[in-house]
Amino acid sequence: MGAVLMLSLCATMAMMAAQGRAREAIPLHLCGLSALAAAVVAFGVRGFALDFLWYIGLPGALLALVFPAPAISRWQTALNLSYAATHALIVLIPLSVMARGARPERNGAPLTLIALQFAGLAAFFVNRALGTDFMFLCAPPAGTPLEDVFAWGYLPYLCALEGLMLACCLLMGALLGAGERTRAALKLRSIAPGKKHGARIPTAECTRASDPADKSPCEIPPDAL
């Protein structure tokens, strides 16, 4: 999947460059950064890349699929397919490695948000230098609900972007915690199969209070376990 993702990302960049828009092909959008992180994870490197994908990349890619805003191109169909493939793989890659046992850090959200601020700062200076709109810091993507927020003013728009990223981190952190609690409960249930009907403790020297001579195994009622 990592190779397919890189092929899709490179195809998008090539189509943009072929139209004389090479500066817009720099992977400084959130989807570009997430695609790079997903490729790193797909090729076997976990750590912070998986944290970034789980807390920001995955929910961001889902939002981009629900509210698609691909760039305008003379090869629009090909660009749309590349857009859909890239964002779908950003979702599938972290889920596939987590299905094999990898897990993001439970407390990885703060570091992810800090990294996102630095990425946004870099995008701000690149936007000023090149006249681009990376991270949609200058204007919202067309056809998305963010256009309505942008109509309220630039400051509310920036606050909405920050709030959206924070909400994503909180939601994904809650989902991760719920999953861990569910797995712990299932594991506890699997190691105590006799709890429901009472467990027998096979000890050789089990003495009952009512009959000291009775050495049979004790049966413990369920509510005593």
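The values are calculated or read from the model by the stated rules, or taken from the named source; none is laboratory data. Predicted model only: the values in this text are computed from it and were never measured. Please note: Cβ atoms are built from the backbone with ideal geometry, for glycine as well, and neighbour counts cover all protein chains shown. SASA here: full protein model, heavy atoms, side chains in, ligands and nucleic acids out. Shrake-Rupley method; radii C 1.70, N 1.55, O 1.52, S 1.80 Å.
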*Residue separation times 0.36 nm, minus the C-alpha to C-alpha distance between residue 14 and residue 45: what's the value?*
8.5 nm
*Spin-label pair residue 154/residue 106, simplified geometry with 7 Å Cα→Cβ offset, distance in nm*: 4.3 nm
*Taking a probe of 1.4 Å, how large is the accessible area per residue of the range 64-196, in Å²?*
61 Å²
_Counting only protein heavy atoms and a 1.4 Å probe, tell me what percentage of the range 87-153's accessible area is made up of carbon and sulfur._
68 percent
_Quick check: pseudo-label points 7 Å beyond the Cα along Cα→Cβ at residue 21 and residue 142, how many nm apart are they?_
0.9 nm
_Gained length - residue 80 relative to residue 189, 0.36 nm times residue gap less alpha-carbon distance_ = 34.5 nm
*Whole Å is fine, so just give me how far the alpha carbon centre of the range 102-181 lies from that of the range 1-22.*
23 Å
_Residue-wise HN-Hα coupling along the range 85-90, computed from phi with Karplus coefficients 6.51, -1.76, 1.60 (Hz; x: Gly, Pro)_ = 5, 4, 6, 5, 5, 4
*To the nearest 0.05, how large is the calculated FRET efficiency for residue 128 and residue 181 if R₀ is 41 Å and r is the Cβ-Cβ distance?*
0.35
